[in-house]
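Data first, discussion second: the structure below is written as structure tokens.
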Amino acid sequence: MKTLKNLAIIFLAVFITQQINAQTAKVNSASSNMTVFGTSNIHDWDMKAEKMSGDATFTIEDDKLSAIDKLTYSVEVESLKSGKSGMDKNAYNALDTKKHKTINYKLTKVNKIIDKGSNNYTLETTGNLSIAGQTKQVPITFNVKVNGNKLTFAGKVKINMTHYNVEPPKALMGTVKTGEDITLDFEVLYN
């Protein structure tokens with residue numbers, strides 16, 4: 001009986017000092033940003049996302065990020081705005097927004113969490129990116145800042161549109177042609 005009591009005390013001491021805190025959070029769209037950068041034969045262009053959503057489940061252990069169990073992120077395609085309605089319309093047509101309203105990312109694996117100090121981390125991940133109905137597995141490196149129960153994920157991802165069966169948009173009867181490669185630059189707050 002005394003051994004059982006001692007084991008219980010040891011278990012409680014270890015459990016109490018280890019402070020594991022699993023949390024869930026949602027995208028704070030107002031405090032997040034994502035910009036799509038691209039090129040054309042005339043000038044570079046960009047489109048900013050206005051509507052985003054997503055969820056994250058993560059674990060803080062001893063005040064350090066120890067796991068990301070879930071990470072999703074969606075952008076409403078027609079919330080991407082360039083400031084030029086003609087360009088926006090061409091992009092929406094190329095992305096077939098009548099059938100595919102969102103661009104989606106879903107984490108499938110965290111390959112490595114690197115503690116950079118001061119609540120900053122680098123996450124090497126693999127996830128599924130869905131654009132215009134096509135889903136591809138992509139590696140993404142996130143820079144993550146932890147502030148209490150808030151996580152900010154930042155990074156850049158280069159994508160070839162043709163890999164997602166998206167024909168780069170054209171304008172002015174084909175005289176203006178966009179390049180195949182785009183870059184997604186993001187800083188997304190989950191809280």
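So the values come out like this:
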item: Answer residue from the range 136-191, given it is of a type in the set (S, T, N, Q) and more than 29 Å from residue 63 (Cβ to Cβ) and is farthest from the chain's Cα centre (by Cα) among those; result: 175
item: Residue that is modelled with the lowest pLDDT, among those in the range 160-172 that are closer than 12 Å to residue 90 by Cβ and of a type in the set (A, V, I, L, M); result: 172
item: Residue 133 vs. criteria of a type in the set (Gly, Ala, Ser), over 12 Å from the mean Cα position of the chain (by Cα) and modelled with pLDDT of 95 or more; result: yes
item: Residue list for the range 61-97, restricted to those being under 19 Å from residue 170 (Cα atoms), among the charged types (D, E, K, R) and not in a strand (DSSP E or B); result: 78, 84, 88, 89, 96
item: Evaluation of residue 140 against (1) touching a Phe, Trp or Tyr at 6+ places or on another chain (Cβ under 9 Å); (2) surrounded by fewer than 19 Cβ atoms within 10 Å (Cβ to Cβ); (3) within 23 Å of residue 70 (Cβ to Cβ) (one fails), failing number; result: (2)
item: Yes/no for residue 152 being crowded, with 16+ Cβ neighbours inside 10 Å, outside any strand (DSSP E or B) and without any contact (Cβ under 8 Å) to a residue 40 or more places away in the chain; result: no
item: The range 70-83 residues that are farther than 25 Å from residue 39 by Cα, paired with ones that are not aliphatic (A, V, I, L, M) (beta carbon under 7 Å, 6 or more apart); result: 70/55; 70/57; 72/54; 72/55; 72/105; 72/106
item: Subset tally (residues that are under 13 Å from the mean Cα position of the chain (by Cα) and small (Gly, Ala, Ser)) for the range 80-128; result: 1
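The values are calculated or read from the model by the stated rules, or taken from the named source; none is laboratory data. Worth saying up front: this structure is predicted, and the values here are computed from it rather than measured. Using ideal geometry, Cβ is built from the backbone for each residue, glycine included, and neighbour counts are taken over all protein chains shown.
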